[in-house]
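Encoded as structure tokens, the structure appears first; notes follow it.
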Amino acid sequence: MDDQDMKNNEYAEKYSEKSLFHKFKTAAQKAGIIVVYASLVLYYTLQDAEIPLWAKSTIVGALGYFISPIDAIPDFTPLVGFSDDLGVLILAVAAVAMFINEEAQERARMKLYDWFGDFDPDDLKSVDDRMKR
């Protein structure tokens, strides 16, 4: 994916750090710890200047989808509102797994402790399993 492909990605246009953290602020509890963890891991991986453009495009598109109020299943739909977001985020995690390092994972976990308090680390297994290289 080149620069033009990234510009043409409709969800990439929704992404900004400010809009991502606004989404976390307004929807973190409702979205759940797994969705937030996958988003944070991608966000911290995106900060790595060494990852290639195609991986950055994948991450930005997935985070843009999460941010966007218009997606396959509206976020306000009870019980399933964030299931499509989780699917997109998990696919992105799997696609860029080779670029996700322990530092990004640890930063994401620390932010989860800040926002959610104590949680069972096994809750994150479904995301962590996608990162196995």
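Please treat every number below as a calculation from the coordinates, not as lab data. None of the values given here were measured: they were computed from a predicted structure. Counting neighbours? That spans all protein chains shown, and the Cβs are built from the backbone with ideal geometry, glycine included.
A few comments on the model shown:
- Debye intensity ratio I(q)/I(0), log10, segment 26-131, q values 0.12, 0.20, 0.21, 0.24 Å⁻¹ (C-alpha model): -0.36, -1.02, -1.12, -1.39
- Ordering PHE66, ALA94, LEU40 by Cα displacement along the dipole of segment 26-131 toward the positive end leaves PHE66 in first place; charges were set at the Cβ atoms of Lys, Arg (+1) and Asp, Glu (-1).
- Protection proxy ranking, peptides 49-56, 89-96, average beta carbon neighbours within 10 Å, highest first: 89-96, 49-56
- Hz values of 3J(HN,Hα) by residue in segment 39-47 - Karplus curve (6.51, -1.76, 1.60), Gly and Pro given as x: 5, 5, 4, 5, 4, 5, 5, 4, 5
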